[in-house]
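Asks: If you scroll down you'll find the structure; I have some questions about it.
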């Protein structure tokens with residue numbers, strides 16, 4: 001699989017983290033430094049992966065981007081606004097531009113697919129009924145679930161539930177889509193289909209995607225750029241489609257190996273097809 005093409009000029013950052021830090025008090029009285037003085041920029045329209053071992057700070061960092069976790073120090077900019085300076089009302093409004101997808105879908109079980117997707121549009125009371133109806137159907141069409149509009153979550157597969165969650169996150173027309181381990185509850189075939197959906201969404205509407213995952217194959221298939229975290233620190237970042245450079249981390253080297261293997265398999269498959277094509281041409 002190929003990733004969306006990169007521009008020669010890097011896009012402007014839609015997300016900028018400046019020296020963010022976050023610590024948590026543990027039950028034994030010790031302090032756990034989840035994110036340590038970390039700075040990072042993510043370009044507009046990018047598909048950006050955050051990887052690292054368990055406890056590296058990936059999910060905490062993702063939650064700092066929309067201030068579900070408030071940093072102890074540092075600043076968080078999204079679309080040019082410093083979220084750490086906003087009032088509660090301003091932050092609530094700004095979060096409409098930041099969608100989030102969770103590992104366990106977080107759907108309302110006694111609500112239809114339509115009402116789940118419509119939920120973020122209804123709670124602010126700014127949209128007419130016809131506008132909500134049109135937007136819900138548009139988002140369900142985008143994730144390939146238009147026919148499930150009247151179904152309930154219990155009637156859906158895991159992959160379909162996650163697609164509904166994506167449609168719900170897209171309903172307010174966000175600039176950024178944050179994904180916290182969105183494939184970890186899915187089998188490999190469903191994961192591939194979901195990644196195709198996310199890639200398609202990025203290409204069609206240009207939403208910036210930031211994804212936390214422990215599956216390196218997800219990064220290799222979906223992401224343009226990746227950051228490696230260790231013990232709350234950013235230790236490496238690179239373009240996924242640029243293997244060969246000396247990587248500083250074992251995870252970076254593993255991703256490079258996946259990219260090279262995929263390219264080799266594509267070349268071999270092309271080589272197998274070529275003689276058949278030539279035979280057909282001479283038949």
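Every number in this text was worked out from the coordinates using simple rules, so none of it is lab data. This structure is a prediction, so every number in the text was calculated from the model and none was measured. So basically every Cβ, Gly included, is an ideal-geometry build from the backbone, and we count neighbours across all protein chains shown.
Asks: Determine the equivalent ellipsoid of segment 170-209 by diagonalising the alpha-carbon gyration tensor, then write out the semi-axes as square roots of 5 times the eigenvalues, largest first, rounded to whole Å.
Replies: Working through the eigenvalues yields semi-axes of 20, 12, 7 Å.
Asks: Pop a pseudo-label 7 angstrom from the Cα along the beta-carbon direction at both residue 108 and residue 133 and give the gap in nm to one decimal.
Replies: It is 1.8 nm.
Asks: Still on this structure, I have one more. For 23, 39, 188, what ranking results if the residue with the fewest other Cβ atoms within 10 Å of its Cβ goes first?
Replies: Ascending number of Cβ neighbours within 10 Å: 188, 39, 23.
Asks: Take peptides 147-156, 178-187 and line them up by average Cβ neighbours within 10 Å, highest first, as a rough protection proxy.
Replies: By packing density, highest mean first, the sequence is 178-187, 147-156.
Asks: Follow-up. Between segment 41-75 and segment 223-272, what is the C-alpha centre distance in whole Å?
Replies: Here the two parts' Cα centres lie 20 Å apart.
Asks: Another question, if that's okay. Obtain the radius of gyration and the Kirkwood radius of segment 164-273 from its C-alpha atoms and give Rg over Rh.
Replies: 0.99
Asks: Could you give the Stokes-Einstein D for the chain in µm² per second, using the C-alpha Kirkwood radius, 37 °C, 0.692 mPa s?
Replies: 162
Asks: While we're here: Looking at the chain only, what percent of DSSP beta bridges run antiparallel? Nearest 5 please.
Replies: Antiparallel bridges: around 55 percent, rounded to the nearest 5.
Asks: Beyond 14 Å, what percent of the Cα pairs of segment 60-117 remain?
Replies: For segment 60-117, the fraction of Cα-Cα distances above 14 Å is 61 percent.
Asks: Determine the relative contact order of the chain: mean sequence separation of Cα pairs under 8 Å and six or more apart, normalised by residue count, in whole percent.
Replies: 24
Asks: Tell me, what is the Rg over Rh of segment 1-160, with Rh the Kirkwood radius over Cα pairs?
Replies: Dividing the radius of gyration by the Kirkwood radius yields 1.01.
Asks: Another question, if that's okay. Work out the P(r) tail for segment 81-170: percent of alpha carbon pairs separated by more than 21 Å, whole number.
Replies: 33
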